[in-house]
Amino acid sequence: DPKQFRAYGEVIPFPMIEITPAPPAAGQIKTLLKNLGIYDIILFTSKFGVKYFFKLLAREGYAAKKLSKKTFVAIGQSTAGALAQEGVSVALAARVETSEGLFQEMTGKLELRGKKILFPRSALPNPYLKQKLTGQGARVDELTVYDNTPPAKRPLPVPEATIGQVVFTSPSTARNFIADYEKIPAGWHILSRGPATSVFLREAGYADFEELRSAH
């Protein structure tokens, strides 16, 4: 949400990803609905995961209230808010809105060994949470509910020289920007949301940036 960054000055939204529902694999939805009852925890790392997971349930005529006894976990307040709009009570919302922060809070506040976790997520690979949670003795089943793709290239919304800083909220936003515009302009102060974005920026050759641990 661009409003989260107003503390840094005037915000000009310029999306570098497009979010669309992911087409389910053949038979996947039937199997999901049949097995929903086995999960102890349902984990979300974005509001888009929430949106498209519950759209899927509604489309299939599955009443969300059947999940009321599940433990719902969210990566931060934005995702928790999306769950609240679906009438879901969140057991844990990570204060540090990163996969690392979420994992640390889950290990500190939840019993994970032997638990079955459903993880609705994007099509982009991000094995960190599954690997870490599996290492704690949990079983994690991932469900792709939305796609994260680059938008068509278009001109910058204002002249490059009038922009003082840029916020990248994920590795894919930075990757897609560099793919379209070849580089991040040297005069821009770079703000990086989360450690995964920072790792990508360093690997892309950008060492001079400010890392944001959470949104403002």
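The values are calculated or read from the model by the stated rules, or taken from the named source; none is laboratory data. Predicted model, so just to flag it, every value in this text is computed and none were measured. Here Cβ is always computed from backbone atoms with ideal geometry, including for glycine, and neighbour counts include all displayed protein chains. Keep in mind that these areas ignore ligands, DNA and RNA; they rest on the heavy atoms of the full protein, side chains included. Shrake-Rupley method; radii C 1.70, N 1.55, O 1.52, S 1.80 Å.
Miscellaneous remarks
- Each residue of the stretch 154-169 was assigned a 3J(HN,Hα) from its phi angle through the Karplus curve 6.51 cos²θ - 1.76 cosθ + 1.60 (θ = phi - 60°); the sequence is 8, x, 4, x, 9, x, 3, 5, 8, 9, x, 8, 9, 10, 9, 9 Hz, with glycine and proline shown as x.
- The Cα atoms of the stretch 57-131 cover 34, 28, 25 Å along the three principal axes, with the biggest extent listed first.
- Point-charge dipole on Cβ atoms (K/R +1, D/E -1) for the stretch 1-77, about Cα centre, debye to 20: 420 debye
- Taking the chain as a Gaussian network of alpha-carbon nodes connected by springs under 10 Å, the highest mean-square fluctuation of the residues 33, 133, 43 belongs to 33.
- Here the mean projected area of the convex hull built on the C-alpha positions of the stretch 170-216 is 3.2 nm².
- Per-residue SASA entry for residue 184, accessible area with 1.4 Å probe, Å² rounded to 10: 10 Å²
- Using only side-chain charges placed at the Cβ, +1 for Lys and Arg and -1 for Asp and Glu, the dipole size of the stretch 65-216 relative to its Cα centre rounds to 880 debye.
- In terms of distances greater than 31 angstrom between alpha carbons, the cross-link table entries 69/132; 3/153; 132/183; 116/153; 3/116 yield 132/183; 116/153; 3/116.
- Degrees separating the helix 47-59 axis from the principal Cα axis of the chain, which is the longest one: 40 degrees
- Highest mean packing comes first when the peptides 185-193, 75-83 are listed by Cβ atoms within 10 Å, giving 75-83, 185-193.
- Contact order relative to length of the chain, as percent, for alpha carbon pairs under 8 angstrom and 6 or more apart: 22 percent
- At most 15 other Cβ within 10 Å, DSSP loop - trypsin sites (Lys or Arg not before Pro), the stretch 9-82: 69
- The stretch 1-86 - Rg (one decimal) and Dmax (whole number), Cα, Å: 15.7, 49
- Zone residues, the stretch 177-208, relative to residue 14, backbone N less than 13 Å from point 7 Å out along Cα-to-Cβ: 177-191
- As a calculated quantity, the FRET efficiency between residue 36 and residue 3 at R0 = 25 Å, using C-beta atoms, amounts to about 0.15.
- Carbon/sulfur fraction of accessible area - the chain, other protein chains in place, 1.4 Å, %: 51 percent
- For the Cα trace of the chain, dividing Rg by the Kirkwood Rh returns an Rg/Rh value of 0.99.
- Highest to lowest packing among 204-212, 2-10, scored as the average C-beta count within 10 Å: 204-212, 2-10
- Cβ-placed point charges (K, R +1; D, E -1), dipole of the stretch 174-216 about Cα centre in debye, nearest 20: 120 debye
- Equivalent ellipsoid semi-axes, the stretch 112-216, via Cα gyration tensor eigenvalues times 5, rooted, Å: 33, 16, 11
- Whole-Å distance, taken between Cα centres, linking the stretch 69-104 and the stretch 32-49: 12 Å
- Solvent-accessible heavy-atom area per residue, rounded to whole Å², over the chain at 1.4 Å: 55 Å²
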